[in-house]
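A short worksheet on the structure shown next.
What follows is calculated from the coordinates using simple rules that are stated; it is not laboratory data. Note that the structure is predicted; figures quoted are calculated from it, not measured. Neighbour counts run over all protein chains shown; Cβ positions are idealised from the backbone, glycine included.
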Amino acid sequence: MAKRTTSQPAADPSVLLGTFITFEGCDGAGKSTQAAMLKSRLDTEGKDAILVREPGGTPIGSRIRELLLEPGASVAPVTEALLFAADRAQQVKDVIKPALRKGKIVISDRFVDSSLAYQGVGRGCGLEPVKNLNDWATGGLEPNLTVFLDMSVEDGLARVAGRELDRIEREKREFHENVRYAYSMLQRIYSYRYITVDATGTPEMVHQRVFHEVSKII
Ligand code: TYD
């Protein structure tokens, strides 16, 4: 085995070589479908990609997911923000950072921006405390690219109307309008990593739009 000399530093475990792509958007915009389609396209192209989702991508996360999304549960806004951040902290530590360290492409169905939009603005917790909380939870991890799937609240809610809705999806229209407004702010604040994709049309049409943008950075 090669002996390490002072001119050969040890591999720095904090260096993240991979690419981190997040999908964001209001309920019904098609994030899960598009994230899965991107993952299979990257697989086909021989890229090493993994797909994670929030909340609930780890064993403890799936228990947190149940607490968060059970219809009828009484959850204070700050509790909600803390639980989403707790789920995220575990997933970042156990799944996302190890994959990025190995140079993989990590596709996440929602990330910190969801908490900024839903808890920071939708629930009125404020952007700054939710951002600080999540910086702590993730060690300041930021995506290389965020795909925002843009669709009107009305069209999104019409899409999810046929299925069993979770506690947050059941919120009134005004809440979802505030979340959409929040995303428009986040697009401006983080314009260097945001791309906005028209989420209307067939899944294949939207996928082509997404892939066109993603292929510019990978
Ligand atoms: P969602 O992505 O819709 O999950 P699924 O499609 O698998 O049901 O997420 C569930 C809900 O949780 C959704 O209404 C958005 C909300 N949410 C937050 O309020 N804050 C967050 O930080 C995250 C990740 C999700």
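Screening the candidates Ala29, Ala49, Ala117 for the property of being surrounded by 20 or more Cβ atoms within 10 Å (Cβ to Cβ) and more than 15 Å from the ligand (Cβ to nearest atom) yields one hit, Ala49. Residues in segment 138-153 include none that are aromatic (Phe, Trp, Tyr), without any contact (Cβ under 8 Å) to a residue 40 or more places away in the chain and not in a helix (DSSP H, G or I).
Of Ile64, Ile105, Ile60, all but one fail to be β-branched (Val, Ile, Thr) and away from the ligand (no atom under 16 Å from the Cβ); the exception is Ile105. For segment 67-89, the tally of residues that are touching a residue at least 40 places away in the same chain (Cβ under 8 Å), among the small types (Gly, Ala, Ser) and either away from the ligand (no atom under 13 Å from the Cβ) or within 30 Å of Lys102 (Cβ to Cβ) (or both) stands at 4.
The residues in segment 187-200 that are surrounded by 15 or more Cβ atoms within 10 Å (Cβ to Cβ) and without any contact (Cβ under 8 Å) to a residue 40 or more places away in the chain can be counted, and the count is 1. The helices (runs of 4 or more DSSP H) found entirely in segment 46-119 that carry 3 or more residues being charged (D, E, K, R) and either over 12 Å from the mean Cα position of the chain (by Cα) or farther than 20 Å from Asn178 by Cα (or both) are 59-69, 77-91. Per the listing Arg159, Arg123, the residue uniquely among the basic types (Lys, Arg) and surrounded by fewer than 17 Cβ atoms within 10 Å (Cβ to Cβ) is Arg159. Screening segment 154-200 for residues that are aliphatic (A, V, I, L, M) and not in a helix (DSSP H, G or I) and picking the one that is nearest to Pro77 (Cα to Cα) gives Ile168. For segment 168-186, filtering for residues that are closer than 23 Å to Gly126 by Cβ and exposed (fewer than 15 other Cβ atoms within 10 Å of the Cβ) leaves 6.
Residue count for segment 92-102 under the criterion of being surrounded by fewer than 22 Cβ atoms within 10 Å (Cβ to Cβ) and within 16 Å of the ligand (Cβ to nearest atom): the result is 1. Scanning segment 128-147 for residues that are away from the ligand (no atom under 13 Å from the Cβ), surrounded by 15 or more Cβ atoms within 10 Å (Cβ to Cβ) and hydrophobic (A, V, I, L, M, F, W, C) turns up Leu141, Leu145, Val147.
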